[in-house]
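Take a look at the structure set out below.
The values are calculated or read from the model by the stated rules, or taken from the named source; none is laboratory data. Only a predicted model underlies this, so the values are computations on that prediction, with no experimental measurement involved. Every residue, glycine as well, gets a Cβ built from its backbone with ideal geometry; the counts of neighbours run over all protein chains shown.
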Amino acid sequence: MKYTTLYGSILLLANACTSNYTGHIRDLSFQNDSLRVITMIVNERANTIAVLFGNKLALQNKLAQKPRENSELYKLVTWRQQPNTFWYGSNINGTLLCIETVEITSKERQVVPNYTLECFDSPFAEALPIDNVERTTFIMNQQLAVSP
């Protein structure tokens, strides 16, 4: 009788500790590869969220408000927003829409930004402006997010 009660309680505890919850964990669609967050842009009208990443040199120059230098790298990554199932009323990044990259190079002692665009959602790509100079200026003029 003692062993039956002992085995029964162990079996009950083992079943109580297992979970049938299968929460959906999203795979990361963008690997930041040691880039640092510079700022974040939320567009509620378009239901998107964008994060501007930069390499160490880009972040240092933004902090010191220095002019552009060779080898600075900026990536503006845009996701579609989706509701956060774990926090009512909040949104998190969902489907990756596009990655805009601005890489600063120097040619003949002139600083030259090189703009590239990778889109992963064709309807979103059609809505983007095609003016590379305008997009480069927009990305480069983003202010550094201030944390307390």
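Can residue 100 be described as over 20 Å from residue 120 (Cβ atoms), at pLDDT 85 or above and among the charged types (D, E, K, R)? Please lay out each step first, then the result.
Numbers: over 20 Å from residue 120 (Cβ atoms): no; at pLDDT 85 or above: yes; among the charged types (D, E, K, R): yes.
For residue 100, the condition - over 20 Å from residue 120 (Cβ atoms), at pLDDT 85 or above and among the charged types (D, E, K, R) - is not met.
So, of the residues in the range 42-66 that are basic (Lys, Arg) and at pLDDT 90 or above, which turns out to be surrounded by the most Cβ atoms within 10 Å (Cβ to Cβ)? Talk me through it step by step, then tell me what you get.
Let us first name the residues in the range 42-66 that are basic (Lys, Arg), namely 45, 56, 62, 66.
Pick out the ones that are also at pLDDT 90 or above and you get 45, 56.
On the way: 45: 5, 56: 13.
Applying the filter and picking the extreme gives 56.
Residues in the range 24-73 that are among the charged types (D, E, K, R) and either in a helix (DSSP H, G or I) or farther than 19 Å from residue 84 by Cα (or both): how many? Give the steps one after another, and end with the answer.
Of the range 24-73, the ones among the charged types (D, E, K, R) are 26-27, 33, 36, 44-45, 56, 62, 66, 68-69, 72.
Restricting the remaining residues to those that are either in a helix (DSSP H, G or I) or farther than 19 Å from residue 84 by Cα (or both) gives 33, 36, 56, 62, 66, 68-69, 72.
Of the residues in the range 24-73, 8 are among the charged types (D, E, K, R) and either in a helix (DSSP H, G or I) or farther than 19 Å from residue 84 by Cα (or both).
Can you tell me which residues in the range 112-148 are exposed (fewer than 10 other Cβ atoms within 10 Å of the Cβ), modelled with pLDDT of 75 or more and either at positive phi or assigned to a helix (DSSP H, G or I) (or both)?
133
Let's see how each residue does on (1) at pLDDT 80 or above; (2) within 16 Å of the chain's Cα centre (by Cα); (3) not hydroxyl-bearing (Ser, Thr, Tyr):
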{"position": "11", "(1), (2), (3)": "no, no, yes"}
{"position": "15", "(1), (2), (3)": "no, no, yes"}
{"position": "26", "(1), (2), (3)": "no, yes, yes"}
{"position": "40", "(1), (2), (3)": "yes, yes, yes"}
{"position": "71", "(1), (2), (3)": "yes, no, no"}
